[in-house]
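Please read the structure below before turning to the comments.
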Amino acid sequence: MTDIITKYFPGLNELQLKQFEALGVMYPMWNERINVISRRDIDNLYVNHILHSLAIAKFMTPVDGTTFIDLGCGGGFPGIPLAIMWPHCSFHLIDRVGKKITVARSIAEDIGLENVTFTHGDAAECKQRVDFVVSRAVMRLDELVKISRRLVSRESRNGYPNGLICLKGGDMADESRGLKGAEVLEYDLNNYFSEPFFETKKLVYVPF
C-alpha cells in the first residue's frame, strides 16, 4: 500500500514505511466508527489524503526543530503524514471537532509518533508561536491568513520565510482578492505528482 508513497519519496527508513503502512489499516478501521474521511473516498486514502498531505514535503525540507501548527487538522491531515516524514520537527494539531481529534491522537499514539501534540478547540485558544501554519482546505484563504498571522513567529530559520502553507483546489482568485499587501505564491501539484487527482490541486504559500 505504500508503493505510491515510495514512488515519490524513495528514501524513507523502515520505521517510516511501517508507520505509513499502518495508516492504511487504522484510518479505515476508525472510519467505520467515526466518519473523518468520506465513505466514498476511504479507498483513495493514500493518494487523496496521505500523498496530498505530503505535497508540502515536495515544496520544502525544514531544518530539524522546525515547528508547525496544523490548523483544522480533521482526522490528522496534513499533520500526521508530515510528522512521519519529518520526525525531527514538531507538530501541534488543532480542530474544533472533538471526535476528529480523538481519531488523530489515537492513530498518532498507536504508530508511535512522538513529535505531535493536540488541541480540541479553536486557534484563538492557541498561545504558542511556530514557524509555519499548515492546513488542508479548511477555510477560505483570506480567513486562513488572518488567523495564521498571529500564530507565526517572525524569526525564520529555514530557506523560506515563516508563513502559511496550505493545500487548495481550483481557482484561487476570489479567495486571494481580500489579501491586501500579502504575497501569495501558488504551485500546481501536478508538477510534483502525476496522478489525475492532482490536476486541479495547488499548494499555496503566504510568507509572513
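The values are calculated or read from the model by the stated rules, or taken from the named source; none is laboratory data. As the structure is a computational prediction, the values presented were derived from the model and not from experiment. Counting neighbours? That spans all protein chains shown, and the Cβs are built from the backbone with ideal geometry, glycine included.
Values as computed for the structure displayed
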| read-out | value |
| --- | --- |
| Residues (touching a residue at least 24 places away in the same chain (Cβ under 8 Å), of a type in the set (A, V, I, L, M) and closer than 16 Å to Phe193 by Cβ) located in the range 13-54 | Val47, Ile50, Leu51, Leu54 |
| Selected residue (only one of Glu155, Glu114 is more than 19 Å from Ala55 (Cα to Cα) and modelled with pLDDT of 95 or more) | Glu114 |
| Residue identified as at pLDDT below 95 and closer than 26 Å to Phe9 by Cα among Gly169, Gly178 | Gly169 |
| Leading residue by the ranking (nearest to Thr119 (Cα to Cα)) among those in the range 46-97 that are among the aromatic types (Phe, Trp, Tyr) and surrounded by fewer than 23 Cβ atoms within 10 Å (Cβ to Cβ) | Trp86 |
| Answer from Ile84, Ile80, Ile50, Ile107 - the residue that is at pLDDT 95 or above, over 13 Å from the mean Cα position of the chain (by Cα), hydrophobic (A, V, I, L, M, F, W, C) and farther than 11 Å from Val134 by Cβ | Ile107 |
| Failed criterion for Val130 (all others in (1) modelled with pLDDT under 95; (2) surrounded by 13 or more Cβ atoms within 10 Å (Cβ to Cβ); (3) not basic (Lys, Arg) hold) | (1) |
| Residue within the range 113-121 that is acidic (Asp, Glu) and either surrounded by 13 or more Cβ atoms within 10 Å (Cβ to Cβ) or over 22 Å from Phe198 (Cβ atoms) (or both) present | yes |
